[in-house]
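Read the figures in this text as sums done on the coordinates, not as results from a lab. Computed from a prediction, not measured in an experiment: that's the story for all the values here. Heads up, the Cβs are rebuilt from the backbone with ideal geometry, glycines too, and the neighbour counts pull from every protein chain shown.
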Amino acid sequence: MGNSSGCPVNDMQTVEMHLWYKKFMMECPSGQLTLHEFKQFFGLRGLEPDANAYIEEMFYTFDMNKDGYMDFMEYVAALSLIMRGKMEHKLRWYFKLYDVDGNGCIDREELFNIIKVGRTSRKQTHCTVCKAMHAIQVVSGNEEVQELSVEDFTNRVFDRIDVNGD
């Protein structure tokens, strides 16, 4: 009476979910991850103030019910978005994260902070901003991009993408 064809995808998801739950509960026995634990969990300690602000914003973005904690379901939603989410969903989430003032636009100051955080976070292997900066360097065929100051790099990128000058 069972599913004779089996479903390895669902089996894998179940095993993976169990591993995530086990890790989550080992690191956070209360079942509620605080901001401090979040930083420890992902090895995000000792960051500069700007980088720290973005990590805090990331945490509060994942804290969907705004209770100051991430429970296991919020944790799974975060991991799922980051690891498996569709590109459009990831872009929407990143935009929401980086649009600090919530006005629907990434202004020059917000872009500056993104790039500044990216430059200070290069040691992390999954530095999305670093990858984006490298992609801009490759696309523009400009090797000296790495040598530009954060402000100069921000101005160069912003001047190229702000087509309507707003």
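Take the Cβ atoms of residue 34 and residue 87, set R0 to 30 Å, and the FRET efficiency comes out at 0.50. For residue 65, neighbours were defined as the other residues whose beta-carbon sits under 9 Å from its Cβ, and their charges (Lys and Arg +1, Asp and Glu -1) total -3. Model label points for residue 98 and residue 22, set 7 angstrom from Cα along the Cα-to-Cβ axis, are 3.7 nm apart.
Peptides 100-106, 90-96 ranked from most to least packed, by the mean per-residue count of other Cβ atoms within 10 Å: 90-96, 100-106. Close amide H pairs (under 5 Å, H built 1.01 Å from N) link residue 33 with 70, 71, residues at least 5 positions away or on another chain.
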